Amino acid sequence: MANTGSVMLNQKFDELPKESFWECHDLYQWEGFWYYEDIIQGMLAFQSDYEALSDDVILASSMKTGTTWLKALCVSIMRRQSQGVENVPHAHTRTSEYDVCGDNLHPDLGRQSKSSDQKGILDDVAEDDILTENVPHAHIRTLEYDVYRDNLHPDFSGMPSPRLFHTHLPYSALPDSIKNSDCKIVYIARNPKDTLVSLWHFFNKISRPNQEPYSLEKAYDAFRKGVHLYGPYFDHVLEYWSESLKNPDRILFLKYEELKSDPKGQVKRLASFLGRPFVNEDEVEKVLWRSSLERLKNLEVNKNGVFFHLKIPNSSFFRLGVVGDWKNYFTDEMKRDLDELTRIKLEGSGLHFDF
């Protein structure tokens, strides 16, 4: 499939529907969704090559819906050691920025103690904290863009199990090996208004750093039409929502707003779904602290680091992380219009957002 798709792209790419994304990138429509050209190529390789294992965990999201937070939470949940190292599979396996392809995997040679001035729940925080070493995206890689884009046949053989990956692809574009396996999928959704505002800030920062910001009015118009990276937003969300209703044991559907309003309850739900239930409240507090936006955005690696080969400043992944920031940007007309569009798109689905 990947070879056939590549030939088609090389010979007939101009035949694909094409739109400009905020006057800085070309988007091409493939099977109803919009992508960069290299993402389509990576997606085809991913679909053709990836062999899912029954205990794989695939994190999925549209863009700017809480991906960074979800990755941090899952890293912290899967690696926590308070139950005893012998009961936590691969608790001593270090993940590096190359581990997703099976390179440089190696066991820890030892754990170095770190002092802390924090009190209470922070006194016993596990010492082996890889979130201090790199941005969460370096520890759970995005398959179609961060892996398969540059390597059609990555070697995953050295990765410990369970393997954690991420994708921004819609459910319909996932490899059949994922859809037909017992592996688990965790999807995070966010209300469309805050999603748009976050997209607008993010792409103005990384794609137009030396230009005037792309106007929010134009970005809004493209968003409501579904013409944005990995869009349309509503189709993306509804695909995973529908599948989660059919297969709740395999697909967990999280809402960013519920993670914010009930972090303990939602993180417990996530941990149980991942097969790592908490044994006490102290564990929950540790994971929430370790993965919190305030902590992550103030780590040295996230203030000054760069997401290696993508050359994106790590700081770009951390802004406000609040619910309702759209109120600082939307006009009354934009609010009414997107409210009505949301009502129409979600009607009859059973899905709703609190915003």
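Here are some notes:
- Estimated FRET transfer efficiency (THR331, LEU245; beta-carbon r; R0 35 Å; 0.05): 0.50
- Across the accessible surface of region 148-260, with the other protein chains kept in place and a 1.4 Å probe, carbon and sulfur atoms take up 47 percent.
- The stretch between GLU258 and GLU133, if pulled fully straight at 0.36 nm per residue, gains 42.2 nm over its current Cα-Cα span.
- Between amide H atoms placed 1.01 Å from N, distances below 5 Å from ALA189 occur with LEU254, LYS255, TYR256, all of them 5 or more places distant or on a separate chain.
- Checking the cross-link pairs LYS297/LYS327; LYS225/LYS260; LYS218/LYS264 against a 26 Å limit on the alpha carbon distance flags LYS225/LYS260; LYS218/LYS264 as lying beyond it.
- Separation of region 135-156 from region 21-65 is 11 Å, based on Cα centroids.
- Region 173-218 and region 236-277: distance between their alpha carbon centers, rounded to Å: 18
- Distance histogram in 5 Å bins (all Cα pairs of region 122-269, percent per bin): 2, 7, 12, 17, 20, 18, 13, 8, 3, 1
- Ranked by how many other beta carbons lie within 10 Å on average, peptides 18-30, 66-78, 332-344 from highest: 66-78, 18-30, 332-344
- The phi torsions of region 221-227, fed into the Karplus equation with coefficients 6.51, -1.76 and 1.60 and a -60° offset, translate into couplings of 4, 5, 5, 5, 7, x, 8 Hz, rounded to whole numbers, with Gly and Pro shown as x.
- Two-site label geometry, ASP354 and ARG295: point separation in nm, points 7 Å out along Cα→Cβ: 2.5
- Near LEU274, once Lys and Arg are set to +1 and Asp and Glu to -1 for all other residues with Cβ below 15 Å from its Cβ, the sum equals +4.
- Amide H contacts under 5 Å for PHE21: ASP26, LEU27, restricted to partners 5 or more places along the chain or on a different chain, H placed in the peptide plane at 1.01 Å from N.
The values are calculated or read from the model by the stated rules, or taken from the named source; none is laboratory data. These numbers come from a predicted model, not from an experiment. Cβ: placed from backbone, ideal geometry, glycine included. Neighbour counts: every protein chain shown. Note: accessible area is taken over every heavy atom of the protein model, side chains too, but ligands, DNA and RNA are not part of it. Shrake-Rupley method; radii C 1.70, N 1.55, O 1.52, S 1.80 Å.
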